[in-house]
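Chemist: Could you have a look at this structure, given as structure tokens, before my questions?
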Amino acid sequence: MLKFAGIQLKVCADKETNLRRAGEKIAEAASKGAKLISLPECFNSPYGAQFFADYAEPIPDGPTTVFLKEQATKHGIYLIGGSHPERDGDKLYNTCVIFGPDGEAIAKHRKVHLADVNIPGGILLQESSALTPGDTFTIFNCGEFKIGVGVCYDIRFPEPAHLMKMRGADVLIYPGAFNMTTGPLYFDLLTRARATDNQAYCASVSPARDVDASYVAWGCTLVAGPSGIIMDQIGPDEGTVYTEFSMEELKVIRAGVPIWKQKRPDIYSVRETAKLTWNMPL
């Protein structure tokens, strides 16, 4: 068994306050036995193309990455650092950094799919106006489990999740700041779909909803089991979801409906064309 905590943090404009409060929530989750903890997308800054440059940091020497390393070491946990804006030369990325309980950097996932979305009467997003997309997929080992990671809009695309499952992923974690238009439409649906499609646990970890923010996150962080059933979910306010992942449950679900033995590669396939990252040290 592996106890997971997804922290739905209320994010403000002050980076130091966000890091301090994230540290408090990590300590609380660790004290309750969580060994795998995820923060939300853009946990150290407001979300928005207009904010990325001002809050961007280098990795691994920026204060946010140093904070994540310290937290993982202090609590002896696997820590999925939600995401924060990364500056690399003249490029900006939306990046998730992952640390192990020994404080070693396990992986760095740069958001692959940028949300350029225009829903009439709903929301207009243009992440590509500020960000550069990543080009690798990310899996890391956490005890007996393999954990696949994406960021927000990455969950909208089933192919990367499928490829991660083909490489052995048992759990899919997506820090994601869906909004008041896309949240009610897709947040639960996509989390349950990626879980069902891949017979894996799937968690979507949102910032808390702040109706006074320039971008209002949906909240409602959840975890779905390998049959697509919601195992735990909270509302829009700050809080934490807790779930235990069971390798035995995965085996039972996959044996009962053996879709991976029933696929027809003779007439269709999902093909890997980019390097799938198992370990990307910083």
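Chemist: Here are 235, 239, 228, 256: which of them is modelled with pLDDT of 95 or more, touching a strand residue (DSSP E or B) at 6+ places or on another chain (Cβ under 8 Å) and either small (Gly, Ala, Ser) or open to solvent by 60 Å² or more (accessible area, probe 1.4 Å) (or both)?
Modeler: Result: 239 is the single residue among 235, 239, 228, 256 that is modelled with pLDDT of 95 or more, touching a strand residue (DSSP E or B) at 6+ places or on another chain (Cβ under 8 Å) and either small (Gly, Ala, Ser) or open to solvent by 60 Å² or more (accessible area, probe 1.4 Å) (or both).
Chemist: For region 177-217, name all the residues that are β-branched (Val, Ile, Thr), open to solvent by less than 60 Å² (accessible area, probe 1.4 Å) and closer than 26 Å to residue 147 by Cβ. Give the steps one after another, and end with the answer.
Modeler: The first filter runs over region 177-217 and keeps only residues β-branched (Val, Ile, Thr), leaving 181-182, 191, 196, 205, 211, 216.
Filter again for open to solvent by less than 60 Å² (accessible area, probe 1.4 Å), leaving 181-182, 191, 205, 216.
Within region 177-217, 182, 191, 205 qualify.
Chemist: Same structure again: For residue 155, are the conditions met, namely being open to solvent by less than 50 Å² (accessible area, probe 1.4 Å), part of a helix (DSSP H, G or I) and either of a type outside the set (Lys, Arg) or in contact with a Cys (Cβ under 7 Å, 6 or more places away or on another chain) (or both)?
Modeler: Working: open to solvent by less than 50 Å² (accessible area, probe 1.4 Å): yes; part of a helix (DSSP H, G or I): yes; either of a type outside the set (Lys, Arg) or in contact with a Cys (Cβ under 7 Å, 6 or more places away or on another chain) (or both): yes.
Considered against the rule, which asks whether it is open to solvent by less than 50 Å² (accessible area, probe 1.4 Å), part of a helix (DSSP H, G or I) and either of a type outside the set (Lys, Arg) or in contact with a Cys (Cβ under 7 Å, 6 or more places away or on another chain) (or both), residue 155 comes out as yes.
Chemist: Looking at region 69-82, can you tell me whether even one residue there is open to solvent by 10 Å² or more (accessible area, probe 1.4 Å) and in a strand (DSSP E or B)? Steps first, please.
Modeler: Applying the first criterion (open to solvent by 10 Å² or more (accessible area, probe 1.4 Å)) to region 69-82 yields 69-71, 73-76, 78.
Retained after the next criterion (residues that are in a strand (DSSP E or B)): 78.
Yes.
Chemist: Residue 222 fails exactly one of the following numbered conditions: (1) out of contact with any His (no Cβ under 8 Å at 6 or more places or on another chain); (2) buried (at least 21 other Cβ atoms within 10 Å of the Cβ); (3) more than 19 Å from residue 36 (Cβ to Cβ). What is the number of that condition?
Modeler: Residue 222 satisfies all of (1) out of contact with any His (no Cβ under 8 Å at 6 or more places or on another chain); (2) buried (at least 21 other Cβ atoms within 10 Å of the Cβ); (3) more than 19 Å from residue 36 (Cβ to Cβ) except (3).
Chemist: Kindly establish whether residue 230 is under 22 Å from residue 158 (Cβ atoms) and not small (Gly, Ala, Ser). Working first, answer last.
Modeler: On the way: under 22 Å from residue 158 (Cβ atoms): yes; not small (Gly, Ala, Ser): yes.
Yes; evaluated as a whole, the condition is true for this residue.
Chemist: Of everything in region 220-271, what is touching a residue at least 24 places away in the same chain (Cβ under 8 Å) and among the acidic types (Asp, Glu)? Give them in sequence order.
Modeler: Within region 220-271, 237, 238, 244, 249 meet the criteria.
Chemist: Please specify each residue of region 1-11 satisfying the condition of being open to solvent by less than 50 Å² (accessible area, probe 1.4 Å) and among the hydrophobic types (A, V, I, L, M, F, W, C).
Modeler: Applying the first criterion (open to solvent by less than 50 Å² (accessible area, probe 1.4 Å)) to region 1-11 yields 2, 4-9, 11.
Within region 1-11, 2, 4, 5, 7, 9, 11 meet the criteria.
Chemist: Please state which one of 195, 255 is small (Gly, Ala, Ser) and closer than 25 Å to residue 83 by Cβ. Explain how you work it out, then say what you get.
Modeler: Details: 255 fails: closer than 25 Å to residue 83 by Cβ.
Step by step, each of 195, 255 is checked, and only 195 is small (Gly, Ala, Ser) and closer than 25 Å to residue 83 by Cβ.
Chemist: From 163, 131, 114, which residue is in a loop (DSSP other than H, G, I, E, B) and either touching a residue at least 60 places away in the same chain (Cβ under 8 Å) or open to solvent by less than 10 Å² (accessible area, probe 1.4 Å) (or both)? Walk me through it before giving the result.
Modeler: Working: 163 fails: in a loop (DSSP other than H, G, I, E, B); 114 fails: either touching a residue at least 60 places away in the same chain (Cβ under 8 Å) or open to solvent by less than 10 Å² (accessible area, probe 1.4 Å) (or both).
Result of the check over 163, 131, 114: 131.
Chemist: Moving to a separate point now. Here are some residues: 53, 34. Which one is closer than 17 Å to residue 242 by Cα and of a type in the set (Gly, Ala, Ser)? Steps first, please.
Modeler: On the way: 53 fails: closer than 17 Å to residue 242 by Cα.
Step by step, each of 53, 34 is checked, and only 34 is closer than 17 Å to residue 242 by Cα and of a type in the set (Gly, Ala, Ser).
Chemist: Given the conditions (1) outside any helix (DSSP H, G or I); (2) open to solvent by less than 10 Å² (accessible area, probe 1.4 Å); (3) in contact with a Leu (Cβ under 8 Å, 6 or more places away or on another chain), which single one is not true for residue 41?
Modeler: (3)
Chemist: For region 87-111, what are the residues that are free of Cβ contacts under 8 Å to residues at least 60 places away in the same chain, among the small types (Gly, Ala, Ser) and out of contact with any helix residue (DSSP H, G or I) (no Cβ under 6 Å at 6 or more places or on another chain)?
Modeler: 89, 100 - these are the residues of region 87-111 that are free of Cβ contacts under 8 Å to residues at least 60 places away in the same chain, among the small types (Gly, Ala, Ser) and out of contact with any helix residue (DSSP H, G or I) (no Cβ under 6 Å at 6 or more places or on another chain).
Chemist: Suppose we filter 22, 107, 5, 27 for residues that are modelled with pLDDT under 95 and not in a loop (DSSP other than H, G, I, E, B); which single one remains? Write out each step before concluding.
Modeler: Numbers: 22 fails: modelled with pLDDT under 95; 5 fails: modelled with pLDDT under 95; 27 fails: modelled with pLDDT under 95.
Only one candidate qualifies: 107.
The values are calculated or read from the model by the stated rules, or taken from the named source; none is laboratory data. The model shown is predicted, which means the values in this text are computed figures rather than measured ones. All Cβ positions, even for glycine, are placed from backbone atoms using ideal geometry, and neighbour counts span all protein chains on display. Just the protein is used for accessible areas: all its heavy atoms, side chains included, with ligands, DNA and RNA removed. Shrake-Rupley method; radii C 1.70, N 1.55, O 1.52, S 1.80 Å.
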